[in-house]
1. Quick test for you: out of Ser58, Ser62, Ser70, pick the one residue that is within 25 Å of Thr2 (Cα to Cα) and without any contact (Cβ under 8 Å) to a residue 12 or more places away in the chain.
2. Looking at segment 1-18 only, could you name the residues that are over 19 Å from Ile87 (Cβ atoms) and at pLDDT below 95?
3. What tally of residues in segment 80-99 results from selecting those that are within 16 Å of the chain's Cα centre (by Cα) and under 14 Å from Phe138 (Cα atoms)?
4. Can you tell me which residues in segment 103-130 are surrounded by 13 or more Cβ atoms within 10 Å (Cβ to Cβ), farther than 19 Å from Met68 by Cα and among the acidic types (Asp, Glu)?
5. Tally up the residues in segment 48-88 that are over 15 Å from Phe18 (Cβ atoms), surrounded by 20 or more Cβ atoms within 10 Å (Cβ to Cβ) and either at pLDDT 95 or above or among the hydrophobic types (A, V, I, L, M, F, W, C) (or both), please.
6. So, in segment 31-43, exactly how many residues are more than 13 Å from Ser70 (Cα to Cα) and surrounded by 14 or more Cβ atoms within 10 Å (Cβ to Cβ)?
7. Kindly indicate whether any position in segment 30-37 is outside any loop (DSSP other than H, G, I, E, B), modelled with pLDDT of 90 or more, among the basic types (Lys, Arg) and out of contact with any Lys or Arg (no Cβ under 8 Å at 6 or more places or on another chain).
8. Mind counting the residues in segment 89-102 that are surrounded by fewer than 13 Cβ atoms within 10 Å (Cβ to Cβ) and either under 11 Å from Thr6 (Cα atoms) or in contact with a Phe, Trp or Tyr (Cβ under 8 Å, 6 or more places away or on another chain) (or both)?
Amino acid sequence: MTTINTYLTFEGNCENAFNFYRSVFGGEFAHVGRFSDMPDDPNYPVADEYKNQIMHISLPISKECVLMGSDTAGQGGPITVGNNFSISISTDSKGKADTFFEKLSSDGKVTMPMADTFWGDYFGMCTDRFGINWMIGFAEAAPQA
């Protein structure tokens, strides 16, 4: 099964925003990860001032819908309306993830190639030819937000 969810991006106020969304929709966070939880990676350095910011947070809205988000940790330039969200696709196979990624990134821009990640998913990010940001992932275990 393939699921599609919205992924929001913030410049340091993700936690505040998601506390607000939780007050609106109810429920509990399925995951809260901070940049300090990441292993050190010279390809993705995170300055100390950003370590307490949100690397990934998810709030189930319904059985089929999860609102997800993160802070930028000073990466990727300023957030503006239009680049502050991505469409997140979770697939049921690496092959399907690769196919979606290849087609969506064609004539677009790859921002993170498909690869196995430290959190255990096979994952990549791209911007399509129309300027829409996509996150594509496959988890060996049951999909989690």
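The values are calculated or read from the model by the stated rules, or taken from the named source; none is laboratory data. Computed from a prediction, not measured in an experiment: that's the story for all the values here. Methodologically, a virtual Cβ is constructed for each residue, glycine included, from the backbone with ideal geometry; neighbour enumeration extends over all protein chains shown.
1. Of the residues listed, the single one that is within 25 Å of Thr2 (Cα to Cα) and without any contact (Cβ under 8 Å) to a residue 12 or more places away in the chain is Ser62.
2. Once the filter is applied, which keeps residues that are over 19 Å from Ile87 (Cβ atoms) and at pLDDT below 95, segment 1-18 yields Glu11, Gly12, Asn13, Asn16.
3. 5
4. Once the filter is applied, which keeps residues that are surrounded by 13 or more Cβ atoms within 10 Å (Cβ to Cβ), farther than 19 Å from Met68 by Cα and among the acidic types (Asp, Glu), segment 103-130 yields only Asp128.
5. Count: 1.
6. Total meeting the criteria: 1.
7. So far as segment 30-37 goes, no, none of its residues is outside any loop (DSSP other than H, G, I, E, B), modelled with pLDDT of 90 or more, among the basic types (Lys, Arg) and out of contact with any Lys or Arg (no Cβ under 8 Å at 6 or more places or on another chain).
8. Result for segment 89-102: 1.
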